[in-house]
Amino acid sequence: MKSTLVMVVAVLLAGCGPAMQSSGRGSGPDAAAGSAVIATVRLPDFGVDVATGADGRAYVAVPGNKLVIVDPNAAAVAATVEVDGEPYAVAVTPDARRAYLVDLRGEEVSVVDTAAAKQTSRIPMGTMQRPSLRPTAAASRDGTRVYVANTARDHLFVIDTRADEIAHDLFLDFHPADVAVSADGHFAYVVGCRLVCTDGTLIILDTDTYQEVRRMMLPFVPTAMAVTPDGRRAYVADGREAQVSVVDLVGQKLLMTIPVGPEPVGIAMNATGTAVYVTSFRNGTLAVISTGTNDVVGTTPVGGSPRAVVVSRDGTRAFVTHSTSTLSIVDLARLGR
């Protein structure tokens, strides 16, 4: 059993960056000339995940029990919030009033009142049963639910944000790598891999009944996923193969693969579903894929070891975390050119 767990850890970390490393307190990444990076913000530690909301600010989970709130207009830290556990994934309600931070060990979720910049509650998820690799979280568009993919226990937890408690706890028969929610809130998408992770699994859940309505097997190991607003396609980063795969969720088939930089770790879609942004950990770039043509239409250097990426609600900026204590702010109009 021990050797199997070691293999799972080794496979999943490929293309995911150093998922369990100590503080990265080196200098911020140097974006090369011609980069679309317009500002960098110094963080107290390396950023593992980032989210945004209606206020336009970036919410960055960093190791050492902190949520860092960044004002992109000032390119500065607006607040630092102490939270329980070691936050690794973050979801923000669309109105940006609350942030939910998932502990690396998958044992708790910390709830933060963003206006007051303080933790207001803690939601327990149980005891870790295996090494936690990369928990993920996503908020529904109406802000009433937060979905937590817990790799420590291979469960999907659904948090009712009105009561800040777990409303549903679903066992998964695979290791979840990412979770997304449809624009209308009717479906949740979970992607991951089984056993020692030689291939992938993508399931679609009905959020009214939490029954599985569709399952697809993927010929690669997924690291992250973005779903179009109409729920017809998923763009899945395959960190081991330097590609993004386009999955037809209606026809239940793999449409094509799009080459990107090595070790794609983070992936995000703009609100209109016209563009997908992908970080490449190994070569320090951010690429943009047009969903109309499924081609890479722009690439920019963003600095060393980029990890997570999120797009602002108005589609003008992207926020990129790194395995150094820096948040990069990217002008997406410049990248589009």
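Rule-based calculations on the coordinates, nothing more; no lab input. Keep in mind that what you see is a predicted model, and the values were worked out from it rather than measured. Note: ideal-geometry Cβ built from the backbone for every residue, glycine included; neighbour counts use all protein chains shown.
Which ones in the stretch 286-325 are of a type in the set (S, T, N, Q), more than 17 Å from the chain's Cα centre (by Cα) and within 17 Å of SER35 (Cβ to Cβ)? Passing the criteria: THR299, THR300, THR316, THR324. For the stretch 243-272, the set of residues classified as acidic (Asp, Glu) and in contact with a Phe, Trp or Tyr (Cβ under 8 Å, 6 or more places away or on another chain) consists of GLU263 only. Among the conditions (1) over 20 Å from THR228 (Cβ atoms); (2) without any contact (Cβ under 8 Å) to a residue 12 or more places away in the chain, the only one that THR326 does not satisfy is (2).
Could you run through the stretch 188-206 and say how many residues are part of a strand (DSSP E or B) and not small (Gly, Ala, Ser)? Spell out how you get there, then give the answer.
Restricting attention to the stretch 188-206, the residues satisfying the condition of being part of a strand (DSSP E or B) are 188-193, 200-206.
Cutting the leftovers down to not small (Gly, Ala, Ser) gives us 189-191, 193, 201-206.
The qualifying residues number 10.
Only one of ASP199, ASP206 is in contact with a Cys (Cβ under 8 Å, 6 or more places away or on another chain) and over 20 Å from VAL296 (Cα atoms). Can you tell me which? Break it down into steps so the answer makes sense when it comes.
Values: ASP206 fails: in contact with a Cys (Cβ under 8 Å, 6 or more places away or on another chain).
Checking each option against the conditions leaves just ASP199.
Selection of strands (runs of 3 or more DSSP E) fully inside the stretch 67-175 by the criterion of at least 1 residues being surrounded by 21 or more Cβ atoms within 10 Å (Cβ to Cβ), touching a Pro at 6+ places or on another chain (Cβ under 6 Å) and at negative phi returns 87-92, 98-103, 145-150.
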